[in-house]
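Readers should treat all values here as calculations from the given coordinates under stated rules, not as data from a laboratory. Just so we're clear, the structure is a prediction, and the values are computed from it rather than from any experiment. Every residue, glycine as well, gets a Cβ built from its backbone with ideal geometry; the counts of neighbours run over all protein chains shown.
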Amino acid sequence: MARKILVVDDTRNMQTLLKDFLDKQNYEVLQAYDGVEAADIFEKGQPDMILLDIMMPRMDGFQFLTKLRQSSNVPVIMISARQQENDIVKGFELGADDYICKPFKLRELLMRIRAVMRRSADALQKDDVITVQDVELDRSRHEIRKLGKVIETTPLEFALIEMFMQSAGKVLKHQDISLKLMDLGFSGSEMTLKIHIRNLRLKLDDNPGQPVYIENVFGVGYRFLEGER
C-alpha cells in the first residue's frame, strides 16, 4: 500500500510540482491549500507524513502544527521560503521533524522524506525499554516518560534522546551526533543540534546551568547523566 503524504501549501505551482514528483515516487498525495483545509483532510485521510508551508491564509503553518501536535505525532517536514533562524527555531519548537527552505532540490526533499519515515518505522519496530534515572524510553510505544508521565517528542527528538540514553554516562561528540542526524536525513549543523538539545532540556525540565539529565561537555559534546549531581 502506498504511503500517504499530505502537502499543505497555498501555491498551486508548488502543489503541482510536488504532486507530480511524489506520484512518480509511488506516494499517494493528499492536498490542502491552508491549515483549516489541512486539518479536515488529515482527519479523513490519515496521512503518514505532512509537508507543511508556513505562510498561508486562514490558518498558517505554525498554527496548524500547534493544533496537530495536541493529538498526533505524525512526521512533519516544513517547507518554507522563510529562512530566518527564528522561524526555523519556532518550527522545531512546535514539533516539526525537519525544515527545508525554498527553493530546494526535489531529490534532497525525497531523501529527507525517506529518512524521516524510516526512522519512525524503526522506532516502532523495537520493543525494549531503556531506563536512566527517572526517565524511561519505550520503543514499542514510541514514548518518553518521566516519573510515569509521557513527554511528547518529535521523531527526531526521540531518536536523539534514545542515542543519549543508550550511551548514558558516556560523552557523545558533536561530530558523531551530527553524523547521526545526517544519516537520519536531517541537517547536521551545530545550530540544528543546539535547537533540539534545548527543546529536550525544556521538556525534561532540565536546567542547563545545573543539568540533571543532559550535560554539555565544553568543546567536546554531550552526556546523559546516569545519576543526579
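The relative contact order of the chain comes to 13 percent, based on Cα pairs under 8 Å that sit 6 or more residues apart. Rounded to the nearest 20, the size of the Cβ-charge dipole of the stretch 1-136 about its Cα centre is 500 debye, with Lys and Arg at +1 and Asp and Glu at -1. Dipole of the stretch 4-122 computed with +1 at Lys/Arg Cβ and -1 at Asp/Glu Cβ about the Cα centre; of MET117, VAL76, MET14, farthest Cα towards the positive end is MET117.
Modelled spin labels at HIS142 and LYS4, positioned 7 Å past Cα toward Cβ, are 1.5 nm from each other. Compared with the dominant principal axis of the Cα atoms in the chain, helix 174-183 is inclined by about 30°.
Listed from fewest to most Cβ neighbours within 10 Å, the set ASP10, ASP97 follows the order ASP10, ASP97. Binning the alpha carbon pair distances of the chain at 5 angstrom intervals from zero yields the distribution 1, 6, 15, 18, 19, 16, 11, 7, 5, 2, 0, 0, expressed in whole percent. Listed cross-link partners LYS67/LYS105; LYS149/LYS170; LYS44/LYS146; LYS24/LYS194; LYS19/LYS194; LYS105/LYS170 are compared with a 31 Å cut-off, the Cα-Cα value being larger for LYS44/LYS146; LYS24/LYS194; LYS19/LYS194; LYS105/LYS170.
Listed by Cβ neighbour count within 10 Å, with the fewest neighbours leading, PHE64, PHE104, PHE218, PHE224 appear as PHE218, PHE104, PHE224, PHE64. In this label model, LYS19 and PHE104 are separated by 2.0 nm, measuring between points 7 Å along each Cα→Cβ vector. Across the stretch 80-92, computed HN-Hα scalar couplings (Karplus, 6.51 cos²θ - 1.76 cosθ + 1.60, θ = phi - 60°) run 8, 7, 7, 10, 5, 4, 4, 5, 5, 4, 4, x, 5 Hz from first to last residue, x flagging Gly and Pro. For the stretch 15-28, backbone phi angles converted through the Karplus equation (6.51, -1.76, 1.60; θ = phi - 60°) give residue-by-residue couplings of 4, 5, 4, 5, 5, 4, 5, 5, 4, 5, 8, 6, 9, 8 Hz, Gly and Pro being listed as x. Dipole check for the chain: with +1 at the C-beta of Lys and Arg, -1 at the C-beta of Asp and Glu, and the Cα centre as origin, the magnitude is about 340 Debye.
Here the chain carries DSSP beta bridges of which approximately 55% are antiparallel, counting only pairs with both residues inside. Taking amide H positions as modeled 1.01 Å from N, with prolines and chain starts lacking one, the residues under 5 Å from ARG3 and 5 or more places away or on another chain are GLU28. Give the shape of the stretch 4-122 as rounded, prolate or oblate, defined through the alpha-carbon gyration tensor: a ≥ b ≥ c are the square roots of its eigenvalues, a/c under 1.5 means rounded, and otherwise the shape is prolate if a/b is larger than b/c and oblate if not. Verdict is rounded for the stretch 4-122. Whose amide H sits under 5 Å from the amide H of ILE151, counting only residues 5 or more places off or on another chain, with H placed in the peptide plane? Amide H neighbours of ILE151, under 5 Å, 5+ apart: ILE144, ARG145, LYS146.
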